[in-house]
1. Looking only at segment 9-67, count how many residues are within 22 Å of the chain's Cα centre (by Cα), among the hydrophobic types (A, V, I, L, M, F, W, C) and away from ligand 1 (no atom under 16 Å from the Cβ).
2. Consider segment 1-32. How many of its residues are buried (at least 16 other Cβ atoms within 10 Å of the Cβ), under 20 Å from residue 99 (Cβ atoms) and either free of Cβ contacts under 8 Å to residues at least 40 places away in the same chain or within 16 Å of ligand 2 (Cβ to nearest atom) (or both)?
3. Would you say residue 208 is more than 16 Å from ligand 2 (Cβ to nearest atom), surrounded by fewer than 18 Cβ atoms within 10 Å (Cβ to Cβ) and outside any strand (DSSP E or B)?
4. Return the residues of segment 190-205 that are assigned to a loop (DSSP other than H, G, I, E, B) and within 16 Å of ligand 2 (Cβ to nearest atom); say none if nothing qualifies.
5. Away from ligand 1 (no atom under 16 Å from the Cβ), open to solvent by 10 Å² or more (accessible area, probe 1.4 Å) and within 30 Å of residue 8 (Cα to Cα): is that true of residue 248 in this structure?
6. Give the residues of segment 252-265 that are open to solvent by less than 20 Å² (accessible area, probe 1.4 Å) and hydrophobic (A, V, I, L, M, F, W, C), sorted by residue number.
7. Scan segment 330-342 and report the pairs whose first residue is at negative phi and whose second residue is of a type in the set (Ser, Thr, Tyr) and open to solvent by less than 20 Å² (accessible area, probe 1.4 Å), with Cβ atoms within less than 7 Å and a gap of 6+ or a chain change.
8. Look through segment 228-245, keep the residues that are modelled with pLDDT under 95 and not in a strand (DSSP E or B), and return whichever of them is most open to solvent (accessible area, probe 1.4 Å).
Amino acid sequence: MQLRVLQQCPQCGGEVELAETDRVLNCPFCGVRHILACDTPRFTLPHVNGPGRLLHVPYLRCKGSIFSCHLQGVEHRIVDTTLKALPLTVLPATLGYRPQAMKMHYAAKELAATCLKGSISKTEAIARAAALHRTTSTDRRPLLQEWIGESVSLIYMPLFTNGNRVYDGVTGAPLATMPEGRDIFNDAGLQGGAWQLNLLPAICPHCGWDLRCRQESVVLLCANCDTAWQQTGDRLTGVEYETVPAKGDDAVHLPFWRLEVDFGGIAIQSLADFIRLTNIPRAIQPEWEKRRMAFYCPAFKIRPQIFLRIAAQLTSGQLPGSGECHIPAESVAVSLPAAEAGESVKLILATAAIAKRNIMPKLPDISVAIRRNHLVFLPFFDNGYELCQEEIKVVINKQSLELGKNL
Ligand SMILES: [Zn+2]
Ligand SMILES: [Zn+2]
């Protein structure tokens with residue numbers, strides 16, 4: 001479920017409707033694009049005019065794919081939930097249908113004085129959401145559990161307190177009665193501090209051209225000076241990339257993070273090591289003993305089973321790089337940040353392995369240090385329904401790419 005957000009365009013003042021996971025505001029009125037720069041997005045639900053004091057209660061919203069590794073293989077589940085970020089029992093445990101029934105706003109900094117402080121960290125919220133979604137029918141503890149593509153945001157629910165009565169700020173309906181003589185919200189404390197959403201113009205820092213992006217893009221491309229950029233704090237920093245040229249004209253380039261890794265706890269350095277340990281049925285070429293192993297992770301969001309399949313196929317296939325830095329004419333937007341790709345290395349190893357017994361028991365003790373991570377645009381042939389990578393025979397249904405944008 002993708003929640004909707006209203007945000008004013010800083011250029012023309014028009015009110016633009018966004019999805020909660022959008023990273024770029026693409027104004028339909030003035031055509032100007034801005035990058036939504038914030039650490040954890042904070043949203044508010046609109047409130048009625050209620051009696052007494054207005055307060056906002058934080059709920060943590062967790063969305064993403066959770067992967068659990070067991071001896072037999074990797075299981076996955078999509079998680080989409082909200083959890084109360086405060087242990088106040090008088091308040092509902094979740095927001096229910098409220099956020100789906102209305103459009104949220106990015107929380108304005110002026111609201112900080114009415115926002116209660118959450119007592120659950122982002123990490124704890126993710127762990128709780130994972131526990132809610134046990135991915136197995138039994139209570140087996142997974143050997144490894146990873147979240148990929150997770151987005152954690154805060155949604156503030158408005159409420160009013162008047163004496164010891166608490167009212168739902170969205171509907172105005174009575175919600176609870178506080179214990180006599182005790183203001184439980186004073187005990188919780190206020191968030192305070194400054195929080196601000198920064199809107200950065202999507203303009204190439206190198207040549208000043210408009211950057212190419214879609215609303216879900218986390219990497220923006222300049223086709224004028226052939227550079228790629230990502231938001232780091234309140235500025236744009238360069239992203240290293242290469243493009244493998246297409247053979248025909250009908251190609252669409254898909255972005256992948258190519259990771260070179262230093263492993264601890266398992267002896268994988270070269271491609272030959274990887275093939276031997278995983279037992280992938282490929283004849284090891286002598287030069288593979290020297291070729292450094294690289295992992296390929298989709299740099300776009302897609303359903304978990306497809307994500308793992310593509311990653312394992314490309315990692316086992318190992319297309320040679322091109323070293324060419326040329327922004328492709330047509331490409332799928334990069335919507336998965338580099339940091340997320342790093343978390344997927346052990347999952348790709350576990351999925352690619354034919355000999356699961358060689359890999360799975362070792363997973364908890366394997367350490368992964370990313371030596372180099374850069375974007376690779378790979379050409380796919382578009383046959384109308386599917387995109388096909390002809391060298392490695394990877395096929396991706398176009399509809400699943402479209403649906404992935406809502407994850
Ligand atoms: Zn505008
Ligand atoms: Zn440029």
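The values are calculated or read from the model by the stated rules, or taken from the named source; none is laboratory data. Fair warning: this is a prediction, and the values are worked out from it, not measured in the lab. Cβ: placed from backbone, ideal geometry, glycine included. Neighbour counts: every protein chain shown. Please note that ligands, DNA and RNA were not included when accessible areas were found on the heavy atoms of the full protein model with its side chains. Shrake-Rupley method; radii C 1.70, N 1.55, O 1.52, S 1.80 Å.
1. Number satisfying all stated conditions: 8.
2. 1
3. In short, no.
4. 202, 204, 205
5. When the stated conditions are applied, residue 248 does not pass them.
6. Answer for segment 252-265, where residues must be open to solvent by less than 20 Å² (accessible area, probe 1.4 Å) and hydrophobic (A, V, I, L, M, F, W, C): 252, 254, 256, 257, 259, 261.
7. Within 7 Å, the pairs are 333/217; 334/217; 335/217.
8. Step by step, filter segment 228-245, then rank; the result is 234.
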